[in-house]
Every structure is written in C-alpha cells, then in structure tokens.
Amino acid sequence: MTNIKRVREITIEVEKVRVVSNLKKQKIICEICSFTTDFISLNSATQVFQINEEYIAQLARKNIVHIKIENEEILICLKSLMEAKE
Ligand SMILES: [Zn+2]
C-alpha cells in the first residue's frame with residue numbers, strides 16, 4: 001500500500017469519525033449488544049453512511065445492524081452499523 005493511499009484512508013476515517021461524533025445520538029440499551037450504546041436516527045444513518053433504508057432493513061433482518069423503535073422513530077445501533085460497514 002502506498003503512503004498516499006494510506007494517508008487518504010486515514011483522512012476519510014477521521015472525517016467519518018468527526019461526522020459521527022457530531023450526530024444527534026441517544027444512549028439506549030441495545031438488547032442485542034446487551035449494553036447501552038449510541039443510537040442514531042434512520043435518516044442520519046442513511047446520510048452519513050450513504051446507504052439506503054432498504055439496505056439497512058436487510059442488515060437488520062440478518063441481525064447485523066440492530067434497530068429499535070422509540071416514539072415511532074426508527075433508531076439504529078451505531079456500534080453495529082459501524083461494524084457492518086467495515
Ligand atoms: Zn447493538
């Protein structure tokens with residue numbers, strides 16, 4: 001791997017972390033993770049990770065991404081989503 005490519009990957013990674021840390025998050029107990037994790041809205045998830053709702057639904061059905069419904073809003077377990085994207 002060239003250094004330039006590596007630097008670019010790190011930059012993208014840092015940018016993603018920056019965007020994720022600015023998201024409106026809610027601390028909720030994720031039954032699948034079995035501890036309190038950050039949940040983000042479905043809208044934020046599709047924007048930040050540039051994936052569509054259908055793809056999230058597919059991952060959720062396979063239990064790769066954890067979802068939760070709170071006050072009629074679909075929330076996504078951020079930890080599971082980050083791991084699914086790797
Ligand atoms: Zn989870």
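The values are calculated or read from the model by the stated rules, or taken from the named source; none is laboratory data. It should be emphasised that the depicted structure is a prediction, and the values quoted were computed from it without experimental measurement. Cβ sites come from the backbone with ideal geometry, for glycine too, and all protein chains shown count toward neighbours.
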| Which residue pairs have Cβ atoms closer than 7 Å, lie 6 or more positions apart in sequence or on different chains, and pair a first residue in the stretch 57-86 that is within 19 Å of THR36 (Cβ to Cβ) and touching a residue at least 60 places away in the same chain (Cβ under 8 Å) with a second residue that is polar (S, T, N, Q) and loosely packed, with under 14 Cβ neighbours inside 10 Å? | none
| request: Would you please list the contacts, defined by Cβ atoms under 6 Å and residues six or more apart or on different chains, that run from a residue in the stretch 1-28 that is more than 21 Å from GLN47 (Cβ to Cβ) to a residue that is among the aliphatic types (A, V, I, L, M) and surrounded by 11 or more Cβ atoms within 10 Å (Cβ to Cβ)? | output: none
| Taking the stated definitions as given, is ASN43 more than 10 Å from the chain's Cα centre (by Cα), exposed (fewer than 15 other Cβ atoms within 10 Å of the Cβ) and not in a helix (DSSP H, G or I)? | no
| task | Considering only residues that are modelled with pLDDT under 95 and of a type outside the set (A, V, I, L, M), look in the stretch 70-86 and name the one that is surrounded by the most Cβ atoms within 10 Å (Cβ to Cβ). | result | LYS79
| message | Every residue in the stretch 22-40 that is in a loop (DSSP other than H, G, I, E, B), more than 10 Å from the ligand (Cβ to nearest atom) and among the charged types (D, E, K, R), please. | response | LYS24, LYS25
| said: Here is a check on your reading of the model: is LYS16 assigned to a helix (DSSP H, G or I), more than 16 Å from the ligand (Cβ to nearest atom) and closer than 15 Å to GLU83 by Cβ? | reply: yes
